[in-house]
Amino acid sequence: MNLSTKSRYGLRALTNLLDQDCCCSVKQISKKEHISSDYLEKIFAKLKKAGLLKVERGACGGYSLSRDPKKITLGEVINALEKPEFICPDFCDCQSKSVWQKIQSGFSHVLNSITLDQLKTSNNKSVYLDYAASTPVDPEVLNTMLPYFDFSFCGNTMSLHQMGSVASQVVESCRVSFANILKVKPQEIIFTGSATESNNTVLKGIAFANKSKGKHIIISSIEHDCVLSSAKWLTTQGFEISQISVDKFGLLNLDELKKTIRPDTILVSIIHGNNEIGTIQDIQRIGQICHDRGVYFHTDASQSFTKTPIDLSKLNVDLLTASSHKIYGPKGAALLYIKAGTKITPLLHGGGHEFGFRSSTVNLPAIIGFTKAAEISVKNFDQENKKLSELRDYLIKNILKTISESRLNGHPQKRLYNNINISFDRVEGESLLLELDFYGIAVSTGSACSSSSLEPSHVLLATGLRPEQAHGSLRFSLGRFTTKSEVDYLLKVLPQVINKFRQISPFKS
Amino acid sequence: MYTQKVLEHFRTPHNFGSMKNPTAVGQVGNLACGDVMKLYLKIAKNKTGQDFIEDVKFETLGCAAAIATSSVITDLAKGKTLTEALKIKNEDIIKALDDLPAVKIHCSLLAADALAEAIYGYYQKTHQSISSELEKVHQRITVCQTRLNH
């Protein structure tokens, strides 16, 4: 189905009206939009009849919107001009009637959910460089998910009837898919609600299930807040936590790890690809060290999953966390790999879902989306790895070249293909972030989770940065939809922004 | 998170930059905390012979709230006599910005402190008597600065 000329012209003329301070005559708009004024007059008459436009007389006379553009939906505009219909006539009782009804309701839903105001602002330049915080859902993922909200998949995976069993089969096929990606057995994958939940399950679950062996847990100094906070909480429950330091690139001190493991150590949890500085740890060697000493090894792969190859059949990893919304899947889905035979207590007790490791009704559409997202990411790995690491290196090279007193944080080579973290002397990160936001560029200081805290990033401090250097750091994270022209736009704006705040600063170079 | 007023002052701050031959300077804050404010005052005598702030400039390294509070205090202080200027409290700054997030209240304190420090320095330089209240403020700031610098 095509949108008629009437509707297209109507929308164009209305968004044009939005830009005007006062009323506009049909002539002015017809000239601007190159639409014949007679034709436009007819369109406006219909829009006026529908109560979307009003006419004012006098010197500054003409048409104006009769309501706030935030409250006019595209559906209203198009319905005033034409009646796009997919519905079978009332008397029809054909097999496909429900299909047409669905299309019609989906169509109306989209049009009614977008306002004139949004239509206009969506044309403003916006550059999203915060993919490490969260990613948009890939359209292909969304299309895969939508049917699973349908009646035929409404069953609870634990129900015995056919609909329950259909839902259950779908979840099991997702499990197989992840098992193939990670090269493990399907029963070793459990679905959770978030990476935070997976990480909490590991720290608390291993701690409580293995306390007869010991009460010592090892993490690194650059873990995500959910691991840090879980570890901190465990100290209130009688557990002892050791933090292993990292070098200036963020790589774990392996000798220190070896020395810190004791007979009563029950778990080592080390982040794989760091969320702030992008450094990728050598989990092969860390796993070996833990395996040789008989200690469970968990890695938080929220940022690295599908962005760097992970073959668990070759690694001594006992537990691994991965997340959906970092790889263009929906929020609210994640997984935890638990190697068969690992002693772990669940966080959530109840109906015994997920082999008893995680009771909760299974979030079928989200898991389907997560699976599809992972499959797409794995399939596109070579292509995205090449494209994004080239863009990353181009951005790093040019920022360091054009902005004085700037330095790269994290490892120059062993880093996530989409992560850039740079410190700028004599400026403060939050002001940079907000000023860039005015230019439509979304970036992050440290991690998004800590944007309400005033403390400088613990990760940057752990790599040896002074607090003032940590305060002046920005993270740019690229993604599937990042283009070279967006990166060039950032490169154009960033030096101006840094310069502005260096001028305001009392410290001169 | 920030009010429109804060964002306005942040985007186009008033009276920023250094000043040639200022009469007084007040610097507070600490690099480690991420906020440093420096206020420059040009002090002159008004018609009745009282000291007043003829001109004021600021330089700040810090977050959006730090820049906005610096900008606002220059507006509030400009043209006031020193006695009047000392009455500017951090609540006045917050009010002029239509509010500040709770975690950023300290920025308004910092701005009021920078002004007090500049005036304290001026009184000391010109051998004028310093009220016990201002002395207390100065002591508090000094203690805080030394603690932060170590």
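Each reported figure results from applying straightforward, stated rules to the coordinates on display, with no laboratory input. Everything numeric in this text was worked out from a predicted model, so none of it was measured. Ideal geometry is used to build each Cβ from the backbone, glycine not excepted, and the neighbour counts take in all protein chains shown.
Only helical DSSP H runs with n ≥ 4 go in: add -39500 (n - 2.57) per run for the protein assembly as shown, normalise by residue count and round the 222 nm mean residue ellipticity to 500 deg cm²/dmol.
Rounded to the nearest 500, it is -13500 deg cm²/dmol.
What is region A:290-382's relative contact order, in percent, from Cα pairs under 8 angstrom and six or more apart in sequence?
Contact order relative to length: 25 percent.
Among the listed pairs A:Lys372/A:Lys484; A:Lys31/A:Lys71; A:Lys397/A:Lys500; A:Lys484/A:Lys508; A:Lys401/B:Lys20, which have their C-alpha atoms separated by more than 31 angstrom in this model?
As for pairs spanning more than 31 Å Cα to Cα, those are A:Lys484/A:Lys508; A:Lys401/B:Lys20.
Between A:Asp150 and B:Ser132, what is the label-point separation in nm under the 7 Å Cα-to-beta-carbon projection?
8.3 nm
In a GNM of chain B with a 10 Å cut-off on Cα contacts, which of B:Thr69, B:Thr81, B:Thr48 has the highest mean-square fluctuation?
Per the Cα network of chain B with a 10 Å cutoff, B:Thr48 tops the list.
Can you tell me the orientation of helix A:364-379 relative to chain A, as the angle in degrees between its alpha-carbon axis and the longest Cα principal axis, to the nearest 10?
80 degrees
Compute the relative contact order of chain A as a whole-number percentage, counting only Cα pairs closer than 8 Å that sit 6 or more residues apart in sequence.
Once normalised by length, the contact order is 15 percent.
In terms of Cα to Cα distance under 16 Å, which lysines are near enough to A:Lys339, apart from those fewer than 8 places away along the same chain?
The reachable lysines, counting only those whose Cα sits under 16 Å from A:Lys339, are A:Lys183, A:Lys185, A:Lys314.
Looking at A:Ser37, A:Ile181, A:His325, which one has the Cα that reaches farthest to the positive end of the dipole of the protein assembly as shown (charges on Cβ: Lys, Arg +1; Asp, Glu -1)?
Among A:Ser37, A:Ile181, A:His325, the one farthest towards the positive end of the dipole of the protein assembly as shown is A:Ser37.
Taking the Cα centre of region A:393-509 as origin and charging only Cβ (+1 Lys, Arg; -1 Asp, Glu), how large is the dipole, in debye to the nearest 20?
400 debye
Give the long-range amide H neighbours of A:Gly351: residues separated by 5 or more places, or on another chain, with amide H under 5 Å away, using H modelled in the peptide plane at 1.01 Å from N.
Hits under the 5 Å cutoff: A:Ser360.
Treat every Asp and Glu Cβ in the protein assembly as shown as -1 and every Lys and Arg Cβ as +1, leave all other atoms uncharged, and give the resulting dipole magnitude about the Cα centre to the nearest 20 debye.
That gives a dipole near 660 debye.
Would you please name the trypsin sites (Lys or Arg not before Pro) within region A:472-509 that are DSSP coil residues with at most 15 other C-beta atoms within 10 Å of their C-beta?
Those that pass, being in a loop and sparsely packed, are A:Lys508.
What order do you get for B:Ile67, A:Ile368, B:Ile88 when you list them from fewest to most C-beta neighbours inside 10 Å?
B:Ile88, A:Ile368, B:Ile67
Would you mind checking which residues have amide H under 5 Å from A:Ser66's amide H? H placed 1.01 Å from N; only 5 or more apart, or other chain.
Residues meeting the criterion, in which the H sits 1.01 Å from N, are A:Leu53, A:Lys54.
Can you give the FRET efficiency for A:Gln284 and A:Lys102, using 1/(1 + (r/R0)^6), R0 = 51 Å, r = Cβ-Cβ distance, to the nearest 0.05?
That pair, A:Gln284 with A:Lys102, gives E of 0.55.
Could you give the size of the charge dipole of region B:4-149 about its Cα centre, using +1 on the Cβ of each K and R and -1 on the Cβ of each D and E, expressed in debye and rounded to the nearest 20?
260 debye
Per-residue HN-Hα couplings for region B:74-90, Karplus 6.51 cos²θ - 1.76 cosθ + 1.60 at θ = phi - 60°, whole Hz, x for Gly and Pro?
So the Karplus estimates, Gly and Pro as x, are 5, 4, 5, 7, 4, x, 7, 6, 4, 4, 5, 4, 5, 7, 5, 10, 4 Hz.
Tell me the relative contact order for region A:382-509 as a rounded percent, counting alpha carbon contacts under 8 Å between residues six or more apart.
Contact order relative to length: 32 percent.
Using the Cα centre of chain A as origin and beta-carbon charges of +1 (Lys, Arg) and -1 (Asp, Glu), tell me which of A:Ile422, A:Gly193, A:Ser98 is placed farthest towards the positive end of the dipole.
A:Ile422
Quick check: Cα centre of region A:147-177 to Cα centre of region B:18-97, how many Å?
66 Å
Over chain B, with a Gaussian network built from C-alpha contacts below 10 Å, which listed residue (B:Val72, B:Val103, B:Val28) shows the highest mean-square fluctuation?
Looking only at B:Val72, B:Val103, B:Val28, the largest GNM fluctuation is found for B:Val103.
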